[in-house]
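The values are calculated or read from the model by the stated rules, or taken from the named source; none is laboratory data. The structure presented is a predicted model; accordingly, all values stated were derived computationally and were not measured. Virtual Cβ from ideal backbone geometry, glycine too; neighbours counted across all protein chains shown. In case anyone asks, the SASA skips ligands and DNA or RNA and just uses the protein heavy atoms, side chains included. Shrake-Rupley method; radii C 1.70, N 1.55, O 1.52, S 1.80 Å.
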Amino acid sequence: MDTVEQSLRHLDEVTGALEDLATALGEANEMGPVLQAVCEQVIRVVPGADVASITLHSGDGYQTAAATDERANEIDGKQYEQDDGPCLRAIRTGKVVRVEVETAVRLWPEFAEVARKLGVASYLASPLTVDSDLVGAINLFGFGKHGFRELDEKYLELYTVMVETTVRGTRRYLQAREHVTQLRQAMESRAVIEQAKGILMAARGLSADAAFQVLVERSQRENVKLHTIAQRFVAEMSAETA
């Protein structure tokens with residue numbers, strides 16, 4: 001198979017990977033599965049990539065948010081322990097890091113030893129910035145000693161740009177949906193509290209403030225949230241009048 005035909009076939013694979021990622025994003029209900037889909041599809045995009053993971057950085061440090069293989073968690077963990085390695089360099093410099101085993105041994109001997117024992121000999125990591133709260137790196141590990149090619153680096157850079165754009169939109173959608181859910185719950189809670197207040201006002205001849213205070217005192221006494229107390233009170237009164 002000549003180089004042109006190989007390139008065209010791989011382009012089809014890249015297109016398929018992006019389409020499958022788009023489908024996964026459209027079906028996502030939370031970010032965890034989204035990041036897992038990113039890992040699973042990037043292996044199809046970059047030749048020579050056998051294992052993938054995503055490192056996220058927060059105020060608490062670094063964590064592996066998704067991985068295609070348990071070995072990636074172990075390799076990433078060693079980087080976090082040593083506070084250095086390909087993925088951390090990518091995050092800190094904002095640049096793709098591409099390295100083969102011999103160079104890795106010189107730069108990060110303990111990390112490289114763990115990776116080598118697990119059969120990994122090549123590393124490629126790209127910084128990932130979705131928004132201010134979601135920053136990290138896409139990490140690729142290869143079992144071959146090829147060290148990845150410059151073309152592989154370009155494939156990963158292109159894929160990362162696509163991921164940042166699409167995941168950013170998905171993340172905003174999920175956040176907006178969560179906000180709407182919270183507002184709906186708040187409105188429902190407010191409605192049941194008003195209903196309980198109305199019952200108290202009618203049954204005991206209380207003012208709105210006094211009825212509300214009765215509910216607050218019961219909430220504090222029983223150490224239960226106010227809307228739960230209101231729900232219980234409405235249910236109790238409904239049972240008495242049934």
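Things to note:
- Exposure of HIS227 as accessible area (Å², to 10), given a probe of 1.4 Å and all protein chains: 60
- Summing charges over all other residues whose Cβ lies under 13 Å from the Cβ of LEU56, with Lys and Arg as +1 and Asp and Glu as -1, gives -3.
- Pairwise label distance in nanometres, VAL105 with ARG190, each label 7 Å out on the Cα-Cβ vector: 6.7
- Given a 1.4 Å probe and the protein chains as shown, GLU236 ends up with an accessible area of around 80 Å².
- Between ARG149 and LYS225, full extension at 0.36 nm per residue minus the direct alpha carbon distance yields a gain of 21.5 nm.
- Protection proxy ranking, peptides 47-55, 64-72, average beta carbon neighbours within 10 Å, highest first: 47-55, 64-72
- Heavy-atom accessible surface of TYR155, to the nearest 10 Å², is about 50 Å², with a 1.4 Å probe and all protein chains retained.
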